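FYI, it's all coordinate maths here, none of it is from the lab. Treat the numbers as computed from the prediction; the structure is a model and nothing was measured. Cβ coordinates were reconstructed from backbone atoms using ideal geometry, including for glycine residues, and neighbour counts include every protein chain displayed.
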Amino acid sequence: MITISDIIAQIDSTSAREVIETALAKARESSDYHALLNLTAERALERADAVDAGKITGKLAGVPFVIKDNFLAFGAPTTAASKMLENFVAPLQATSVEKLEAEGAICIGKSNLDAFAHGGSTENSAFGPTSNAYDKTRVSGGSSGGSAVVTALDIVPFALGSDTGGSIRQPASFNGVVGVKPTYGTISRYGVVAMASSTDVIGAFTNNVSDAELVISIMAGRDVRDMTTLPNFFEPLAETKPGLKIGLISDFMAEGVDSDVRARVNEYVAKLRENGHIVEDVSLPMAEYALAIYYILVPAELSSNLARYDGIRYGFRAEGVKTLAELYGRTRDQGFVTENKRRIMIGSYVLSSGFFDAYYLQAQKARTLLINQFNKLFKKYDMLIGPVAPTTAFKIGKNSSDPIKMYLGDIMTVPTSLAGLPAISVPAGHDESGLPVGVQLMGPMRSDAKLLALARSMESKL
Ligand code: GLN
């Protein structure tokens, strides 16, 4: 598994140009995974030459990375894997990308996702699914599937993703890499195509925990262009003290969850205990309602955010229309995929005057109850642990015609998203057919550094 320090050593002994050329060649050789929608080769090589000439310096000088294609970045279109933005060329870069570039990192390409990040398998991409890094007949997970796969295939040591309800953690788990969803507000979302504004967060995929700590610490901090950002609180910790109190969410370990998934979580728990931590079973009864809450609030927010794609301001515009209403209708019908349209309809419905109180308002109240339950648990426990998803990567096509089945796969990741809490997925072994299994560690707001330090301390012990 390639890490940032491996790459930095390679740049020192060869050149940034050679490292970037190698990454681009690997990306081209792996095109059958369909993890990348576009390469940013020209710009990447220019930046590599600037690193070699000493004109670009920084902690990540010459280090290649990949960006989920819902981040605005230079060198290729920003499509959000949709026909709506197929030819959209970003006029600016996301703050997170700017910060990484300021440290010398070099983007080599934009990765595939479910269109507008709606989904958990990348099968909703308008340009076709991404294959799992371990089995090409299986899904990569999603929505940030492409970013997880390029990290797992060692094309790059890190990749960016967004996580609204699990889109970093679940593909990380499906492909055996580290996936970090920081506390809501840690990293600016300026320049990232919005999905659901009250849960969207930016995070990263890496091959080890310390690389994630480095990348997150570079991107974190207040941004005047995103008023939800927090002043930077993220300071990686040297070590973890033994004796942490960790709650194992028993609601996520019930029948119906793959036995291999449960076994890997139980093994991780055993290792935590061996290393001096205290793990006890806890219950999060509101988890039962988390999907219902999420699939009301998230469609409500995304239906508002997607209202801007009207065929007039930018992006795709349908041809051959006679009236304004037809222009809006045809553009949105042809520019969005089925899952986008399903969510826009649900969102518009739950926000409509007759149903607002019955659905949207009730869901907001239930969300508060869920947050209260987390807060209560964190009075007694430093952290929580559980699986990332009920299964390992499933076959492409298996769930794609059944949205409810697909949504059920999000049960373990959406609760922390609704509460804005930090959560990470760390590799914890494999199932009997060799597919990766991830374990999820979750903590209270702003406990990111502690969470990552614990995950790092366990890395060598598994
Ligand atoms: N799978 C979840 C959904 O479909 C999460 C998506 C995300 O985090 N972008 O909404």
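Within the stretch 300-386, list the GluC sites (Glu not before Pro) lying in a DSSP loop whose Cβ has at most 15 other Cβ atoms in a 10 Å radius. Walk me through the numbers before you get to the answer.
Details: sites: GLU301, GLU319, GLU326, GLU339; in loops: GLU319.
Sites meeting the loop and neighbour criteria: GLU319.
Dividing the Cα radius of gyration by the Kirkwood radius, what Rg/Rh value follows for the stretch 142-262? The partial results should precede the final answer.
Details: Rg = 15.6 Å, Rh = 15.7 Å.
We get a ratio of 0.99 for the stretch 142-262.
Full extension from ALA263 to GLU29: what is 0.36 nm times the residue separation minus their Cα-Cα distance, to one decimal in nm?
80.7 nm
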Practice item. Please provide three numbers in whole Å: the alpha-carbon extents of the stretch 71-175 along the principal axes, with the largest listed first. Key: 36, 30, 22
Exercise for review: Return the calculated 222 nm mean residue ellipticity for the chain, to the nearest 500 deg cm²/dmol, obtained by summing -39500 (n - 2.57) across DSSP H runs with n ≥ 4 and dividing by the residue count.
Suggested key: -11500 deg cm²/dmol
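Ratio to report: Rg/Rh of the chain, with Cα atoms as the point set and Rh obtained by the Kirkwood method; give two decimals. Write down the numbers at each step before the final one.
Numbers: Rg = 21.0 Å, Rh = 22.0 Å.
We get a ratio of 0.96 for the chain.
Label the stretch 218-310 by shape, choosing from rounded, prolate and oblate, from the square roots a ≥ b ≥ c of the eigenvalues of the Cα gyration tensor; if a/c is under 1.5 it is rounded, and otherwise prolate applies when a/b is larger than b/c, oblate when it is not. Mind showing how you got there, number by number?
On the way: a/c = 2.99, a/b = 1.35, b/c = 2.22.
Oblate is the answer for the stretch 218-310, as a/c is 1.5 or above yet b/c matches or exceeds a/b.
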**Study point:** Calculated FRET efficiency for the pair GLU432/GLU18, C-beta based, R₀ 41 Å, to 0.05
**Key:** 0.50
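Apply 1/(1 + (r/R0)^6) to the Cβ-Cβ distance of LYS376 and ALA9, taking R0 = 45 Å, and write down the FRET efficiency to the nearest 0.05.
Details: r = 47 Å, r/R0 = 1.04.
Once rounded, the FRET efficiency stands at 0.45.
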Exercise for review: Given a cut-off of 26 Å, name the pairs among LYS68/LYS271; LYS181/LYS379; LYS341/LYS405; LYS245/LYS461; LYS26/LYS110; LYS136/LYS405 whose C-alpha atoms lie farther apart than that in the structure shown.
Suggested key: LYS68/LYS271
Check your understanding: Please state the Cα pair-distance histogram of the stretch 121-164 with 10 angstrom bins from zero: what percent is in each bin?
Key -> 32, 56, 12
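If you average the sequence gap of Cα pairs under 8 Å that are 6 or more apart and divide by the length of the stretch 49-129, what percent do you get for the contact order? Let's see the in-between values first.
Working: 144 pairs, mean separation 27.0, N = 81.
Computed over the stretch 49-129, the figure is 33 percent.
I need the shape label for the stretch 13-107. Rule: rounded when a/c is under 1.5, else prolate if a/b > b/c, else oblate, with a, b, c from the alpha carbon gyration tensor. List each step's numbers first, then the result.
Numbers: a/c = 2.41, a/b = 1.38, b/c = 1.75.
It comes out oblate by the Cα gyration axes.
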Review point. Computed FRET efficiency, Cβ-Cβ of ARG222 and ARG446, R0 22 Å: what is it to the nearest 0.05?
Key: 0.95
Review point. So for SER259, SER111, fewest C-beta neighbours within 10 Å to most, what's the order?
Key: SER259, SER111
Check your understanding: For the stretch 398-454, what is the per residue volume of the convex hull drawn over the alpha-carbon atoms, in cubic angstrom?
Key -> 89 Å³
Review point. Just in the stretch 358-462: which trypsin sites (Lys or Arg not before Pro) are loop by DSSP and have at most 11 other Cβ atoms within 10 Å?
Key: LYS461
Check your understanding: What is the stretch 332-462 by shape, rounded, prolate or oblate, if you read a ≥ b ≥ c off the alpha carbon gyration tensor as root eigenvalues and call it rounded for a/c under 1.5, prolate for a/b larger than b/c, and oblate otherwise?
Key -> oblate
